[in-house]
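Asks: Right, I'll just put the structure down here and ask away after.
The values are calculated or read from the model by the stated rules, or taken from the named source; none is laboratory data. Keep in mind the model is a prediction, meaning the values are calculated, not measured. Because the Cβ atoms are built from the backbone with ideal geometry, glycine has one as well, and the counts that use them run over all protein chains shown.
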Amino acid sequence: MANICGSCGKKAVPLAILGAEVTVFDISEDNKRYALEVAEAANVTIHFEVCDVLEINAEKYGDYFDVVFMEGGILHYFHDIDAFMHMMYSLLKDRGKMICSDFHPFTKISDLLDFEQPAMSYFSTDVFEGEMAHARFFEKESREQMPKCSYRKYTVSEIINAVINNGFVLRKFDEHPAWTNSKAPGEFTIIADKR
């Protein structure tokens, strides 16, 4: 199982406890150190590759995984969703499964999840600069010293079409309520198979 942008192993370690062989791909060396320490404390093994997800070693990991899994809002970090989905497809074995759980595109038009990000046109293709994830939980002085991130938010159709156009068979698209307002969508989950 590949855990894409798996951060500090918060999903990889429980999956390993359940018996999965998990490889985390994330750009942070600090996340790797923390995830491996937690895995060791939990008495499980996870693998961790520090890299840009779009530059995963194709010779080593091409057609390698049964499942590619991502969650917690990562799509907005990638400015070319087709390149991202192409990489996800290339990592999977035939009949492998991609599971993508992410923030709903409606978060473009309203800060539904209280992330303190700007609202914009639903159809905007702009890349914008914003704070790092979780920066809002720090004091103002610390927040001001944190590096900024570049974000690109997608529409529902851009996401679904990127899945389909890169060869996946879309099996399921579910929408989930926002944790701040159960009347509005806050997240979605896509399940798709490699042909």
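Asks: Of all residues in the stretch 8-50, which are surrounded by 19 or more Cβ atoms within 10 Å (Cβ to Cβ) and in a loop (DSSP other than H, G, I, E, B)?
Replies: CYS8, GLY9, LYS11, VAL22, VAL44, ILE46, listed by residue number.
Asks: Further question: Which one of these is buried (at least 17 other Cβ atoms within 10 Å of the Cβ), among the aliphatic types (A, V, I, L, M), farther than 29 Å from GLY62 by Cα and touching a residue at least 60 places away in the same chain (Cβ under 8 Å): LEU75, LEU113?
Replies: Criteria check complete, one pass: LEU113.
Asks: To continue, here is another question. For the stretch 116-152, name all the residues that are within 18 Å of GLU187 (Cβ to Cβ), assigned to a loop (DSSP other than H, G, I, E, B) and either free of Cβ contacts under 8 Å to residues at least 24 places away in the same chain or not polar (S, T, N, Q) (or both).
Replies: Within the stretch 116-152, GLU116, ALA119, TYR122, ALA133, HIS134 qualify.
Asks: Failed condition for ILE191, given (1) surrounded by 15 or more Cβ atoms within 10 Å (Cβ to Cβ); (2) assigned to a loop (DSSP other than H, G, I, E, B); (3) not aromatic (Phe, Trp, Tyr), with all others met?
Replies: Checking ILE191 against (1) surrounded by 15 or more Cβ atoms within 10 Å (Cβ to Cβ); (2) assigned to a loop (DSSP other than H, G, I, E, B); (3) not aromatic (Phe, Trp, Tyr), the one that fails is (2).
Asks: Further question: Quick test for you: out of MET85, MET98, pick the one residue that is outside any helix (DSSP H, G or I), buried (at least 21 other Cβ atoms within 10 Å of the Cβ) and among the hydrophobic types (A, V, I, L, M, F, W, C).
Replies: Going through MET85, MET98 in turn, just one is outside any helix (DSSP H, G or I), buried (at least 21 other Cβ atoms within 10 Å of the Cβ) and among the hydrophobic types (A, V, I, L, M, F, W, C): MET98.
Asks: Do we find a residue being assigned to a loop (DSSP other than H, G, I, E, B) and under 18 Å from the mean Cα position of the chain (by Cα) anywhere in the stretch 106-115?
Replies: Yes.
Asks: Is one or more of the residues making up the stretch 51-70 modelled with pLDDT under 95, surrounded by 13 or more Cβ atoms within 10 Å (Cβ to Cβ) and out of contact with any strand residue (DSSP E or B) (no Cβ under 7 Å at 6 or more places or on another chain)?
Replies: no
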